[in-house]
1. Work out the count of Lys pairs in the chain where the Cα-Cα distance is under 28 Å, with the pair 8 or more places apart or on different chains.
2. In degrees, nearest 10, range 0 to 90: what is the angle between the Cα axis of helix 56-66 and the longest Cα principal axis of the chain?
3. Can you give the helix-only mean residue ellipticity at 222 nm for the chain, where every DSSP H stretch with n ≥ 4 adds -39500 (n - 2.57) and the sum goes over all residues, rounded to the nearest 500 deg cm²/dmol?
4. What per residue convex hull volume, in Å³, comes out for the chain when only alpha-carbon positions are used?
5. Given 25 °C and 0.890 mPa s, compute D for the stretch 246-333 with the Stokes-Einstein relation, Rh being the Kirkwood radius over Cα pairs; round to the nearest whole µm²/s.
6. With r as the distance between the Cβ atoms of residue 301 and residue 85 and R0 = 30 Å, compute the FRET efficiency 1/(1 + (r/R0)^6) and round to 0.05.
7. Using a 1.4 Å probe on the protein chains only, how many percent of the accessible area of the chain belongs to carbon and sulfur?
8. Based on the Cβ-Cβ distance from residue 99 to residue 316, what FRET efficiency comes out when R0 is 30 Å, to the nearest 0.05?
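The values are calculated or read from the model by the stated rules, or taken from the named source; none is laboratory data. The model shown is predicted, which means the values in this text are computed figures rather than measured ones. Cβ sites come from the backbone with ideal geometry, for glycine too, and all protein chains shown count toward neighbours. Heads up: the accessible areas ignore ligands, DNA and RNA and are worked out on the full protein's heavy atoms, side chains in. Shrake-Rupley method; radii C 1.70, N 1.55, O 1.52, S 1.80 Å.
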Amino acid sequence: MCSLAHGLENGLITARIADASDIGVIEEAARTIRRGGVVAFPTETVYGLGASVADALAVAKIFEVKARPRIDPIIVHVASLELARLYGDFPSIAQSLMERFWPGPLTLIVPKKPSVPPIVTAGLDTVAIRIPSHPAALALIRASGCGIAAPSANPFGFVSPTEAQHVAEQLGDKLELILDGGPCAIGVESTILSLVSNPPCVLRSGGTTIEELESILGRLETAVGATKRPQAPGQLARHYATRTRLEIAEEGSDESRSDERLGLLSLLPPSLPHQYAALEVLSPLGDLREAAANLFGALHRLDRLALDRIIARPVREEGLGIAIMDRLRRCAANKT
Ligand code: TXA
Ligand code: MG
């Protein structure tokens with residue numbers, strides 16, 4: 001198990017959770033961003049921890065709040081193609097992708113423009129850019145008048161937040177303002193596609209499915225497997241970790257010992273529900289989109305129960321099932 005001091009354990013939640021549909025709240029958050037502060041805000045994928053792209057000191061605060069290694073570059077969130085072009089140099093192949101998938105859960109890696117400070121890209125000459133589709137994220141970017149650099153709003157390596165409350169529990173002692181835009185509709189992070197490599201290469205599976213991308217680009221290279229020297233730390237084997245040990249096991253292979261409190265994370269209702277101290281069914285009808293939207297919330301709930309182990313049932317690896325299995329495998333790699 002990893003230990004990490006965070007808000008809930010310390011009982012020190014100082015952050016204010018404010019309704020992101022209130023325009024006054026968006027304006028207040030934008031003022032905070034403009035004067036160099038950090039704000040947690042909703043996107044359609046997961047909650048982000050945002051600061052002005054151009055403000056290197058503000059971006060440094062993000063690394064501090066998340067305890068994130070400085071070698072891990074941050075995605076730039078924009079609200080228009082015009083703003084995207086201010087930060088990145090988009091090859092012609094990007095056009096059809098931006099038209100089809102933006103706003104939405106696709107991040108493109110392209111050569112960076114000098115307007116992006118090195119701290120954002122961890123010194124790389126490429127930059128990750130996306131237009132999120134959550135109305136509050138778009139409103140915040142527009143009101144701030146600049147791109148917003150934002151990683152997921154969780155301590156580095158831990159489960160991403162899909163509700164404002166998750167942010168409060170994990171980082172609520174280190175933030176002033178958390179915008180509450182409700183539960184995230186997609187629930188897993190954006191897909192990351194590098195347009196720097198030729199042919200384009202998927203660096204992280206996510207909310208835009210590989211099948212959707214391949215319908216435009218043809219067969220794609222993927223580098224989403226864990227590597228020792230990842231291009232993106234999202235590729236690290238251990239990531240998205242619960243504090244409780246998680247194992248992936250098919251039904252029938254995890255005979256519980258009577259002294260153990262087990263939690264089960266399953267796509268469908270299990271045939272023997274009573275052997276588990278806690279049960280999370282991701283989608284009673286087996287819908288992978290619904291399952292992705294429920295995944296991190298279910299992990300957060302199970303992780304609060306001081307269980308001995310969480311057993312996760314594998315899901316079929318198609319559509320959003322690819323991103324779900326990717327997150328579960330990295331969470332399971334957290335064994336000590
Ligand atoms: O859905 C999302 O993408 C969420 C929301 C908030 O937009 N953001 C998110 O950020 O997941 P983060 O920092 O947790 O994950 C971004 C990943 C990291 O693994 C980082 O290494 C990778 O993107 N990344 C950023 N810039 C990159 C670059 N220039 N080249 C390769 N990977 C990059
Ligand atoms: Mg993250």
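1. Here the count comes out as 12.
2. 0 degrees
3. Calculated from helices alone, the mean residue ellipticity at 222 nm is -8500 deg cm²/dmol.
4. Looking at the chain, the number lands at 127 Å³ per residue.
5. Translational diffusion coefficient: 190 µm²/s.
6. 0.15
7. 53 percent
8. The calculated FRET efficiency here is 0.50.
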